[in-house]
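Where a number appears in this text, it was derived from the coordinates with a stated rule and is not lab data. In this text, all values refer to a predicted model and were calculated from it rather than measured experimentally. No Cβ is skipped: glycine too gets one built from the backbone with ideal geometry, and neighbour counts run over all protein chains shown.
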C-alpha cells in the first residue's frame, strides 16, 4: 500500500514537472518572438532615421547654396563697389605675407580709403554675436576716428575660420553656421557705429563672408585667429 502510494506521488511529481517544463518552454518562445519583433521594429526605425538624416543633409546643402546665391545676387543688385572689394583683396594679400600676427586692432591705408581690422576675440565671446564691453569701447574709438575726416561709405565685413559650429546652443542661435555668425557679428558692429553721433546708417554696408575669405590658410591656431576678424573699410569722400 505504501509502495503504491509512493509510486502515485512520484508519477504526479513527474507530470507536474513535465507540465512546468512545457510552460517554461512556451514562455521562453513567447519572449523570443517578442524580442525578435522588437529588434525588427528598431531596425526599421533606424533605417527610417537614416533616410530622414540623409534627406535633411541634402536639404541643408541646398539651403546653403541658396543662401550663398541670394547673398551674391543681393550684392550685385545693391551695386556693391567692386573697386572697394579689389582694394580689400589687395590689402589681404599684403597681410597674408606678414611674418607676424595682427594686433587686436590695426589700420592699414589702401588706395581710396583705409581698413581697420579687429580680432574677433576683442569684440565677442566664442560663438557669440553680442559685443562685449571691451569691444564696445574699441568701436567707440574707431567711430571717433572715422568722423575726423569726410568719408563716403563704410563697409563692415565679418569673417570666421573654417571650424564648423558644433555646440548645440550655438547651432540653435546660428543654424546656418559660420556664414550667419559672421553676418550677425558684422551687423552688431555696424549697429554700434550707427549709434555714434555723426555716422549715418545709410552710409553703412554690412556683409558676412564666413570662412570664405581667409587671410591665411586655416592650418594652425595662429592662422585661424587671424582669420576670425571684422574689417571696417572706410572709403574716402568722393570715391
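Worth pointing out:
- From least to most packed, judged by other beta carbons within 10 angstrom and beginning with the fewest, 181, 204, 98 follow the order 98, 204, 181.
- Treating r as the C-beta distance of residue 162 and residue 202 and R0 as 30 Å, the FRET efficiency rounds to 0.35.
- Relative to one another, the C-alpha centroids of region 143-161 and region 195-231 are positioned 11 Å apart.
- Ranked for footprinting exposure by Cβ neighbours inside 10 Å, fewest first, 47, 114 give 47, 114.
- Taking a point 7 Å from the Cα of residue 93 along the Cα-to-Cβ direction, none of the residues of region 220-239 has its backbone N closer than 11 Å to it.
- The fewest-to-most ranking of 120, 130 by surrounding Cβ atoms within 10 Å reads 130, 120.
- log₁₀ of I(q)/I(0) at q = 0.18, 0.24, 0.26, 0.30 Å⁻¹ - region 176-217, Debye sum with one point per alpha carbon: -0.57, -0.79, -0.85, -0.96
- Length gained on full extension, residue 49 to residue 121: 22.0 nm, using 0.36 nm per residue less the C-alpha separation.
- Dividing the convex hull volume of the alpha carbon atoms of region 80-236 by its residue count gives 108 Å³ per residue.
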